[in-house]
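Okay, structure first, notes after.
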Amino acid sequence: MALDIEQIKRLHDSDYALLDEVDRICKKHNIQYFLHGGSFLGAVRHKDIIPWDDDVDLTFLRDDYERFVKCFEEEHNERFKFIDHHDYPKFFDFIPKIADIETPVKNTYGHEDFYGDRFSYVTLDIFIIDEVGNNHGLQLAILKGLYGMAMGHRPSIEYSKYSVVQKIGIAVMAFIGKLLSMKLINRMYDAVSKWGNGSNTTDKLFLSNEQPHPHYWGLVFDKDMYDGKAKEVIRGKEFPAPGRSDDWLTYVYGDYMTIPPEKEQIMQHVQELEGDIR
């Protein structure tokens, strides 16, 4: 079921409310964050949310993220709920989220909603940035292995999405992961993510909690892109964004100013909104 104009407006109003709440808390406590992914692209290309986008993407440097979590829990508007993967014995990904519980959506994933209502609301995704240190290739390989282990704690694995070799690798890692608690896997993932922090061995940063997907996995950014000086506009309001926007967006998306064909203008997460219920 495609969203109608009124539902899309409601969805994007929810996206903006999530973004505005994070911005309010961060400004109050002098915490740095950045627009990311489709939210960053939308700000540059549309000066708004991308018309077919259905969530918000932000990044925090590790220390700023840890400060933000504490401040959010102390004073957030009750409309918004923080969803931390550390709090659940099952697994979807390592991406913390903030849900707008006033904007529920229909769960179209076909399995139980095991992840703190992750699939039941419009959400904002938080990506964490850590420093690149020595042996970064080994670091990424271990993180990918830990992700595979964590998949052993999913209610089900959609093996149809993977090649034969990937299926074998995932099956082996998921089997090993089932022998470990999700709590332990989370601790190991966090520890490996922080390997390079404070080492000052490079001037590079990476998204440490990204899914091992070819589009984002392994992307490395210059530190000066995250110096906190740049801003981009969404709905007439400025929000912090990575610097050297053209370099960043070209690196991630290629020809980012060209609007994709209509068949690719698809919402990835939300197919239908539910009524205004809590």
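Quick notes on this one:
- Checked against the criterion of being at pLDDT below 95, hydroxyl-bearing (S, T, Y), exposed (fewer than 15 other Cβ atoms within 10 Å of the Cβ) and part of a helix (DSSP H, G or I), the stretch 150-157 has no qualifying residue.
- Selection count, the stretch 226-276, where residues are among the charged types (D, E, K, R), within 22 Å of P51 (Cβ to Cβ) and part of a loop (DSSP other than H, G, I, E, B): 4
- Tally of residues being surrounded by fewer than 18 Cβ atoms within 10 Å (Cβ to Cβ), more than 14 Å from the chain's Cα centre (by Cα) and closer than 28 Å to I157 by Cβ across the stretch 53-97: 6
- The set of residues in the stretch 190-220 being more than 15 Å from N134 (Cβ to Cβ), in a loop (DSSP other than H, G, I, E, B) and among the acidic types (D, E) consists of E210 alone.
- Strands (runs of 3 or more DSSP E) within the stretch 7-118 that include 3 or more residues farther than 25 Å from P242 by Cβ and either in contact with a Cys (Cβ under 7 Å, 6 or more places away or on another chain) or modelled with pLDDT under 95 (or both): 97-104
- Residues that are among the basic types (K, R) and out of contact with any Phe, Trp or Tyr (no Cβ under 7 Å at 6 or more places or on another chain) were ranked within the stretch 9-52; the one that is surrounded by the most Cβ atoms within 10 Å (Cβ to Cβ) is R10.
- Among the numbered conditions (1) in contact (Cβ under 8 Å) with a residue 24 or more places away in the chain; (2) touching a Gly at 6+ places or on another chain (Cβ under 6 Å), the only one that L273 does not meet is (2).
- Residues located in the stretch 173-206, provided they are touching a residue at least 12 places away in the same chain (Cβ under 8 Å) and small (G, A, S): A174, G177, S181, S193, G196, G198, S199
The values are calculated or read from the model by the stated rules, or taken from the named source; none is laboratory data. Everything numeric in this text was worked out from a predicted model, so none of it was measured. Methodologically, a virtual Cβ is constructed for each residue, glycine included, from the backbone with ideal geometry; neighbour enumeration extends over all protein chains shown.
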